[in-house]
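What follows is a set of notes on a single structure, which appears directly below.
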Amino acid sequence: MAVKVLIMEDNPVARNFLCRVVRESFSDAQQITEAGDLESARRHIALAGGPTGLHGVDPFRLILVDLELPDGNGLELLAELSQYPATKIVTTLYSDDDHLFPALQHGADGYLLKEDRFEVLVEELQKIVRGQPPLSPAIARRLLTHFRGSGADAAAPEAGLRASGSGSSGSTRPMPIDKPVDHERLTPRETEVLTFLSKGFTIKEIASLMGIKWFTVNDHIKSIYKKLNVSSRAEAAVLASKQGLV
Amino acid sequence: MAGGDSHFDASAFEQSLEQRQPRRWIGWRLRAMVLAAMLGCGLVFVLMRSLAASPHLDATWQPTARGQLTLLASPVPALADRAGLTLEQLWVPGHAPLALDELLLQRTGRWLVDDEQRERFLQQQRQLSALLAQGQVRLAFSDGSSVTVDTPPRGTGGLGLLFWPFTAFALLLYLVGWGVLLLRPGLRTALYALMVWCQGFNLLLIGAENVRGLGLPPGFGGIDLMLRLTLDVVTAGAAACAYAVYPRRLPEARPIFAAVAIVVAAWTLAAYAGWLPQLWRATQAVVLGLGAMATAVVAWSYRLAADPVIAVMRRFTSIAVGTLALVSIAVALSQHLAGAAPAVAAVAAVIWYLFLASLLLLVPFLSRSRQVLREFALVAGIGTVASSLDLIFVALFALGPLASLVLALGLGLGVYVAARQWILNRMVGARVLTTERTFEQLYRVAREVHDHPEHTPQLLARLLRDLFDPLEMLWLPHRLPAARVVGGGAALYVPLPDEPDAAEPAQVLVMRHANHGQRIFTEDDAQLAARVVEQVLRAVAYDRAVERGRTEERQRIAQDLHDDIGARLLTLMYKAGDRDIEDYIRHTLQDLKTLTRGLAATEHRLSHAVGEWKADLQQRLQPAQLQLHWSFQADRDLPLTVGQWSGLTRILRELVSNAIYHADATQVDVQLQLEAGTLHLRVADDGKGGDPAAWTHGLGLGGVRKRVRALGGQVQWLANGERGIACEVVLPGFDGAAPT
């Protein structure tokens, strides 16, 4: 059965180009669906199992999302698809962390810069699908401050709670706030990886500097991605419970 | 500075912050005040009625050099055409004629030096009242003519121009005395009120003496004399006592009170019993003696505690006593002079009373600005000095009245102009800083606050310290809505925010004893301090708004460039077909992105930029199968300007592009080094080498040269050992160009 791919890009020339990149990247048979705006993309996704990916329907396996679209921002779609079982990749002209970081927070598995050479894009796309998310130094730096900030905020009340409730009463606090706090923390290793990344080191260099295998470094990066995503989802959950939605 | 005041207790200030609830004018205070005001008005009304009912001779006289009286002017028709004639006699048939000399023109016996003269004056006044009471008097003039004139009661409208302002001033003093006493009943305020009331009464009597025309109620002269003498003695005694308990109670308060009581009682007994042979001299001696005692007491109080309030009091007291001594000497010296001298003496004395009254009025409002009152006191003081000097010149140097008047006036004015600032400074003190320096400081502090917002309170405190030069400063963690003067000007509380953006001030800066204890804080100072703080914060807010506006505008331009031109270039690139043109457009696009990022970013730190450069180069070299050797060393991290960041980004990109596309290299070696403010960049490859200028894409190298020059550095290309070429860029003054 063909692998289903959705390419969302408003510029027809760029869409064409991305189609070529996708075809070049994978040897499997593919079924590429193209969408020029958010509305048609949503329609296609609804046909393919809806945003949560219903069982029994063949969902998209790969989704390329452009950020700037005629009827909105690609981030909206990413947020809707947070439960969708596909590899989501942002294709954009923006390489600054102000644009990319929110995309990663909304659950993007990686990003491609549209102005890169064809070969570069093919290689990057393959890497992402294989599970090697890219991280630029700027994004790494931003991740570091993100986790440092939320970690510090989360640590203080937790310590107080433990001190007061260590004896008999146990935890009576609502679960959604309490649980993700632990996930949001980075391990020392992950922090180390991020620090190296922020200084511009490649994964191979980091592996040799830390004395570990390159795929271990890769695992760390994937774990950081997951935590970022989890933390953003936890924030969404807190927000939702505050607004009485859950 | 005496050490008695050194235990400076923050908790006391904390308490004063809590306590200072203004006492309200409700309840018994208001009722008592209204009652006091009615009482005062009633007294004035009685005096006014008595003066209005007394018969009078409405004419203005001038003494001649020989002690005779010349008619100057009169609204009475029978007298009007006799102006300029000398009065020979004033009598009523059946009564003894009145002795006519210049004494008749004296208004009070208070400042008559000679006992005999004073007795004659009183006698004359009694006689005059008796004559005027007959309803008609006859006047004979030097040209032989005589005329009969009616002496009607003067009526309320005929009290003259001087009566009303003096009465008003007296009432004001009276009410201020009550106000102070009612607000804080106690010994100190009672003594102050006593002084103020005495002087108010004095002014009321002066106003009554100076009604229009001749003729006062019968017996007024004698009562007036004794009252005024008593009032002066009591005032001086109260002053000496007051300083024993204000601003703080002296250990020697009791003996001082006792001494004053004995002196005042002794004087009263002697004066009323008529035992004092030289009444005026004795009284002046007692008054000046008590004044000197007050000066000594306040000086002693200042030695015990160097409080600026006491310092100001000491100045007030010594000035008042000094001028009184001057007036006394002048009057004593001029007692036998004829002509204008007695009138000048009387005026000098009256001005001195005004001076004293204005000083007394200033006391409760020391820390509040009372510009008008201050200037009035100054003019009155100088007037006293000038008129006294005038008398002394006439007496000592036998100058003509006009010459001495001109001389004294000139001297007085000279003293006024020269000493005004000095006296004002002594009274309330000078600003430590000139206006110009203040502005300079304001500007500097505003810039520092902008750069280091976390130091806002310290910077503002430094500015205020330079402004007021206080003896002590301390911080209180307290909220205060506005700057405030406390302790009668001893301290100033200024609320300061923690951050320039803070909505509410978080702490209070307490400054104590302005000008190193030489000056008291005034309400003006509080306002100035509040304004200074406000201005600094406003300047910072303005700077920030400007910067924010600039950043927003830059970001908008960047966004537009990136979105519009970027999207078009991208389309163009996809459609290029030709590999070279595609690469060229890609570089253009990347340059555009560098440009827009440079515009949009607010800050690039060198260490951050280096990380990005490395990742960028790595990403570009990898597909071309080139290996990157990267080394970076810096003795410190610093923020890059937009120009430095974009310049270096493009230089690096261009040099690496050359290595990729033109050198056929396999290795690229990049060394970046920041040492003592100089940035060294070396990009070397192991390619085919040769003359870089000969490369077809010389465009890029020209760009490198241009950018290095723009950054104020130098660039050169060298052979890199056996193979390849190295480019060396040196940028001196790299940290100096960047704002810190």
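Listed by first and then second residue, the pairs linking a residue in the stretch B:57-81 that is assigned by TED's automatic domain parsing to the domain that holds B:Val147 to a residue that is of a type in the set (Lys, Arg) and not in a strand (DSSP E or B), with Cβ atoms under 6 Å apart and 6 or more places separating them unless they lie on different chains, are B:Leu71/B:Arg82.
Can you find a residue in the stretch B:134-153 that is touching a residue at least 40 places away in the same chain (Cβ under 8 Å) and on the phi > 0 side of the Ramachandran plot? Among the residues of the stretch B:134-153, at least one is touching a residue at least 40 places away in the same chain (Cβ under 8 Å) and on the phi > 0 side of the Ramachandran plot, which makes the answer yes.
Residue-by-condition table, conditions (1) surrounded by 14 or more Cβ atoms within 10 Å (Cβ to Cβ); (2) in contact with a His (Cβ under 8 Å, 6 or more places away or on another chain); (3) among the charged types (D, E, K, R):
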{"residue": "B:Arg120", "(1), (2), (3)": "yes, no, yes"}
{"residue": "B:Gln125", "(1), (2), (3)": "yes, no, no"}
{"residue": "B:Ser129", "(1), (2), (3)": "yes, no, no"}
{"residue": "B:Ala140", "(1), (2), (3)": "yes, no, no"}
{"residue": "B:Thr151", "(1), (2), (3)": "yes, yes, no"}
{"residue": "B:Val180", "(1), (2), (3)": "yes, no, no"}
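Just so you know, in the stretch B:544-554 the residues that are touching a residue at least 12 places away in the same chain (Cβ under 8 Å) and surrounded by fewer than 16 Cβ atoms within 10 Å (Cβ to Cβ) include one that is farthest from the other protein chains (Cβ to nearest Cβ), and it is B:Arg544.
Scanning the stretch B:608-626 for residues that are surrounded by fewer than 17 Cβ atoms within 10 Å (Cβ to Cβ) and more than 11 Å from chain A (Cβ to nearest Cβ) turns up just one, B:Gln625. Are any of the residues in the stretch B:339-346 at pLDDT 85 or above and farther than 30 Å from B:His513 by Cα? Scanning the stretch B:339-346 turns up no residue that is at pLDDT 85 or above and farther than 30 Å from B:His513 by Cα.
Of the numbered criteria (1) at pLDDT 90 or above; (2) under 60 Å from the mean Cα position of the chain (by Cα), the one B:Gly677 fails is (1). If you go through the stretch B:577-598 one residue at a time, do you hit one that is surrounded by 15 or more Cβ atoms within 10 Å (Cβ to Cβ) and over 30 Å from A:Phe17 (Cα atoms)? Scanning the stretch B:577-598, I find no residue that is surrounded by 15 or more Cβ atoms within 10 Å (Cβ to Cβ) and over 30 Å from A:Phe17 (Cα atoms), so the answer is no.
Within the bounds of the stretch B:653-663, is there any residue that is among the aliphatic types (A, V, I, L, M) and modelled with pLDDT of 85 or more? Yes, the conditions are met somewhere in the stretch B:653-663. Residue count for the stretch B:585-607 under the criterion of being under 16 Å from B:Ile651 (Cα atoms) and more than 8 Å from chain A (Cβ to nearest Cβ): the result is 8. Checked against (1) buried (at least 22 other Cβ atoms within 10 Å of the Cβ); (2) out of contact with any helix residue (DSSP H, G or I) (no Cβ under 9 Å at 6 or more places or on another chain); (3) basic (Lys, Arg), B:Arg605 meets all criteria but (1). Screening B:Leu229 with (1) of a type in the set (A, V, I, L, M, F, W, C); (2) at pLDDT 90 or above; (3) over 35 Å from the mean Cα position of the chain (by Cα); (4) surrounded by fewer than 23 Cβ atoms within 10 Å (Cβ to Cβ) gives one miss only, at (4). The single condition from (1) part of a helix (DSSP H, G or I); (2) over 17 Å from B:Leu229 (Cα atoms); (3) at pLDDT below 85 that B:Ala292 fails is (3). Filtering the stretch B:249-271 to residues that are surrounded by 16 or more Cβ atoms within 10 Å (Cβ to Cβ), free of Cβ contacts under 8 Å to residues at least 40 places away in the same chain and within 30 Å of B:Asp307 (Cβ to Cβ) leaves B:Ala253, B:Phe257, B:Ala259, B:Val260, B:Val263, B:Val264. Of the candidates B:Leu561, B:Leu509, the single residue that is within 14 Å of chain A (Cβ to nearest Cβ), among the hydrophobic types (A, V, I, L, M, F, W, C) and either buried (at least 16 other Cβ atoms within 10 Å of the Cβ) or part of a helix (DSSP H, G or I) (or both) is B:Leu561.
The values are calculated or read from the model by the stated rules, or taken from the named source; none is laboratory data. Note that this is a predicted model, so its numbers are computed, not measured. Every residue, glycine among them, receives a Cβ derived from its backbone with ideal geometry; neighbour counts consider all protein chains shown.
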